[in-house]
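Comments concern the structure below.
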Amino acid sequence: MTISETQAQLEAIQHNLDVLVREIQQVIVGQDEVLRGILTCLLAGGHGLLEGVPGLGKTLMIRTLASAVDLSFARVQFTPDLMPADIVGTSVLIDRPDGGRELNFQPGPVFANILLADEINRATPKTQSALLEAMAEGTVTAAGKTRPLPEPFLVLATQNPLEMEGTYPLPEAQLDRFLFKIDVPFPSEQDLLQILERTTGQRNHQARPVLNAQQLLGMRSFVRAIPVAPTISRYVVRVLRATHPDDPHATDLVKRYVRFGGSPRGAQAILLAARIRSLMAGRKTPSIDDVRAVAPQALRHRVILNFEGEAEGVAIDKVLAQVLTGVPTD
């Protein structure tokens, strides 16, 4: 592909993303950073964990995204009595026309392009683990057979950070499967006024499809072809290693409060997300600023505080901010 063809494709993708964002914003008020994080997961082919109190529009945003990209959508409300078969599906005995009977697999809600796992930490670990294969491999094994999931496939899970009674915190192995952990903030006063105007009046806008699955898969391929300078890759590696207390570049906060640093998946997530951020801005290659902007969402669920850090209520984003400024860039 020539330079002019690459530039034309870059501009076309940026235009399509702008149209997509504007369509979603016809329904969703504010939350631009949250939307950017979800779109990054979509373009990277990774899963997202959204954390925020109830009523902030997480479910509506995800449903609107699925409508705007013309993807199939399924929502599962996670509860303590939910079973793995309720997610992946089960075999049902049906009657054949000839009078005989046979087992027929009935696929569960996981066989959708976008799966919303609402309040995922309310289900038992056995049920949570039913998503592990789907998130990691894009397949589901049930009734002795492995079945592929539709492409693209994306899990967007939510959890409430305040109400912890009766919840089952996600294990580190499953947290590591999420590309991003996205904090959903409370709306500003101006955003709240717009929300009231849109939701208590006669206006009821529904997102229309402005992108299809084939276009999305093409964008994913383009993202992975975006060149990255060796200095950027080295900086990402240093940032990841600096989240480990025994690394020479580890900062004071890391040495004092961190038990385990990020995994290699964290570095992969940062580099992919940095590529996507530069793409959204119309630039041909990511910069150090792109890395610093996406690193907190890629690492905040992968860096584990020790007992002292938990007891003192240390904010993991504060630890990561010190890492990002303390690691040399050359």
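Some observations on this one:
- The set of residues from the range 288-318 being open to solvent by less than 40 Å² (accessible area, probe 1.4 Å), not charged (D, E, K, R) and not in a helix (DSSP H, G or I) comprises His301, Val303, Ile304, Leu305, Asn306, Val314.
- Enumeration of residues in the range 46-61 that are surrounded by fewer than 22 Cβ atoms within 10 Å (Cβ to Cβ) and either of a type in the set (A, V, I, L, M, F, W, C) or out of contact with any Leu (no Cβ under 8 Å at 6 or more places or on another chain) (or both): Glu51, Gly52, Val53, Pro54, Gly55, Leu56, Gly57, Leu60, Met61
- Residue in the range 265-277 that is open to solvent by 40 Å² or more (accessible area, probe 1.4 Å), within 23 Å of Pro171 (Cα to Cα) and within 20 Å of the chain's Cα centre (by Cα) present: yes
- The set of residues in the range 144-172 being under 29 Å from Ala213 (Cα atoms) and either assigned to a loop (DSSP other than H, G, I, E, B) or open to solvent by 60 Å² or more (accessible area, probe 1.4 Å) (or both) consists of Lys145, Thr146, Pro148, Leu149, Pro150, Glu151, Pro152, Phe153.
- Test for Asp86: is it open to solvent by 70 Å² or more (accessible area, probe 1.4 Å), on the phi < 0 side of the Ramachandran plot, not basic (Lys, Arg) and not in a strand (DSSP E or B): yes
- Among the criteria (1) surrounded by 11 or more Cβ atoms within 10 Å (Cβ to Cβ); (2) in contact with a Lys or Arg (Cβ under 6 Å, 6 or more places away or on another chain); (3) at pLDDT below 85, the one Met135 does not fulfil is (3).
- Residue satisfying all of: in the range 289-330; β-branched (Val, Ile, Thr) and over 22 Å from the mean Cα position of the chain (by Cα); nearest to Asp183 (Cα to Cα) among these: Val314
- All of (1) without any contact (Cβ under 8 Å) to a residue 24 or more places away in the chain; (2) over 23 Å from His301 (Cβ atoms) hold for Gly55 with one exception: (2).
- Residues that are open to solvent by 70 Å² or more (accessible area, probe 1.4 Å) and closer than 30 Å to Asn113 by Cα are absent from the range 231-240.
- Residue among Arg238, Arg224, Arg220, Arg259 that is part of a helix (DSSP H, G or I) and farther than 30 Å from Arg63 by Cα: Arg238
- For the range 103-119, filtering for residues that are among the aliphatic types (A, V, I, L, M) and more than 18 Å from the chain's Cα centre (by Cα) leaves 1.
- Of the residues making up the range 1-37, those that are closer than 26 Å to His47 by Cβ, open to solvent by 70 Å² or more (accessible area, probe 1.4 Å) and not in a helix (DSSP H, G or I) number 1.
The values are calculated or read from the model by the stated rules, or taken from the named source; none is laboratory data. Just so it is clear, the structure is predicted and the values come from calculations on it, not from any experiment. Backbone-built Cβ (ideal geometry, glycine too); neighbour counts: all protein chains shown. Heavy atoms of the whole protein, side chains included, go into the accessibility calculation; ligands, DNA and RNA do not. Shrake-Rupley method; radii C 1.70, N 1.55, O 1.52, S 1.80 Å.
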